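Below is one structure, written out as structure tokens, with a few remarks after it.
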Amino acid sequence: MAEHVQVFGFWESAFSRRVELALKLKGVEYQYFEEDLPHNKSHLLLKYNPIYKKVPVLLHHGKPIAESLVILEYIDEIWKTNPILPQLPHQRALARFWAKFIDDKVVCAVVKAAGSKEEERKKAIEEAREALEALEKELKSNNFFGGEEIGFVDIVGTVIAGWVPAIEECFGFELLTTNNFPNLTKWSEQLLNHAVVLGAIIKARSRQGKEKEEAIAEACEALKTLEDELKGKRFFGGETLGFVDIVANFVAYWIPAIEEGFGFDGALSSEMEKLPNLRRWCNEFVEHTIVKHTLPPKQHLIDFLISQFGTNVASK
Ligand SMILES: N[C@@H](CCC(=O)N[C@@H](CS)C(=O)NCC(=O)O)C(=O)O
């Protein structure tokens, strides 16, 4: 790799995806290092970003640069093809302004809304709405903030198009609707359907809409198979707990916790209600004197899952 470009990122980070998107738009090849966030940061990440200790970090010929907005500007300065920032200084300044606005106003308010409740949440949602209104006006009926092509503000704005809807779904509030923001919703659709964006950005951390329904249907199918397998048996292993019972602890204990934590609307639990063998087995399994002591406390498990995957549907 002639240019020797390396990116330290994290799969669900809108910030590191920005850097990958910019490099892809420029056609720059890079080596990607996935960080294990939040608790297992590599010594290289800490070495290259000792101040913030965050992704993304771009390494160009061994020299590190941190902070996504700074990295985007650097990328645009080094690789001239497909400019990201406008050519005229005033327009460049405006693009920088709106990019910073997205991080300072939209991202902060949405994160605040996700992490708060009641009055505080209402206030944060209102703040996010006001910020989106300003962006709606700025965008007008243009295809992109960059005009006809994706530019600096669009790259930064992928956090709105790709992440905000997932956050809305997880935390159960509504922000970016076609009625309220026709320009932004049209822009968001176009952006996410752009071939390079599709390759660089994952739309959401949680499965959404049809994809989520399909995943739930698949899980329901699998539960039916287990139901059949249990026919006429006390445990999968027969009269006593066996190998399959031990492995299936996930079904008996983790699935209900996941449903509670991630808002599958109880789809799997209600499916289990229709499966008498499996339901009886789940109850017997979790109440088994030995099993009981091997299971983590329920609320503890839910809190842990939420801290790992970041949804707090359970506490809605
Ligand atoms: N302002 C930074 C934000 C980067 C950021 O928040 N990165 C998160 C991942 S989304 C991170 O590395 N978190 C690790 C931590 O906070 O310890 C940027 O634009 O690059």
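Miscellaneous remarks
- For the chain, built as a Gaussian network whose Cα springs stay under 10 Å, the top-fluctuating residue of Val244, Val28, Val106: Val244
- Going by neighbour counts of Cβ atoms within 10 Å, the residues Lys224, Lys292 line up, fewest first, as Lys292, Lys224.
- For the stretch 265-305: rounded, prolate or oblate by the Cα gyration tensor [a/c cutoff 1.5]: oblate
- Straight Cα distances below 18 angstrom link Lys47 to the lysines Lys63, with same-chain residues fewer than 8 positions distant left out.
- Overall form of the chain per C-alpha gyration tensor (a/c, 1.5; a/b vs b/c): prolate
- Size of charge dipole - the chain - debye, nearest 20, with Cβ of Lys, Arg +1 and Asp, Glu -1, no other charges: 560 debye
- Global geometry of the stretch 18-124, whether rounded, prolate or oblate, following the gyration tensor of its Cα atoms and the 1.5 cut on a/c: oblate
- Here the residues Trp11, Trp79, Trp254, ranked from fewest to most Cβ neighbours within 10 Å of their Cβ, fall in the order Trp11, Trp254, Trp79.
- Peptide ranges 109-117, 193-201 listed from the most packed, as the mean C-beta count within 10 angstrom indicates: 109-117, 193-201
- Note on the stretch 86-194: with charges restricted to the Cβ of Lys and Arg (+1) and Asp and Glu (-1), its dipole about the Cα centre is near 260 debye.
- Dipole in debye (nearest 20) - the stretch 24-123, about Cα centre, beta carbon charges: Lys, Arg +1; Asp, Glu -1: 200 debye
- A simple spin-label model places pseudo-atoms 7 Å from Cα toward Cβ; at Lys117 and Val28 they are separated by 4.5 nm.
- The chain - mean residue ellipticity at 222 nm from DSSP helices (-39,500 (n - 2.57) per run, n ≥ 4, rounded to 500): -16500 deg cm²/dmol
- Farthest toward the positive end of the dipole of the chain, out of Ile255, Val164, Leu226, is the Cα of Val164, where the dipole comes from beta carbon charges about the Cα centre.
- Relative packing of 57-67, 296-306, which averages over residues the other C-beta atoms within 10 Å, highest first: 57-67, 296-306
- Here's the picture: charge each Lys and Arg Cβ at +1 and each Asp and Glu Cβ at -1 in the chain, and of Leu305, Phe97, Gly147 the one pushed furthest to the positive end of that dipole is Phe97.
- Nearby aspartates and glutamates by direct alpha-carbon distance to Lys117 (threshold 17 angstrom, same-chain neighbours under 8 apart not counted): Glu126, Glu127, Glu168, Glu169, Glu174, Asp303
Computed from the coordinates by the stated procedures, all read-outs in this text should not be read as laboratory data. Predicted, not measured: the structure shown is a model, and the values here were computed from it. Cβ: placed from backbone, ideal geometry, glycine included. Neighbour counts: every protein chain shown.
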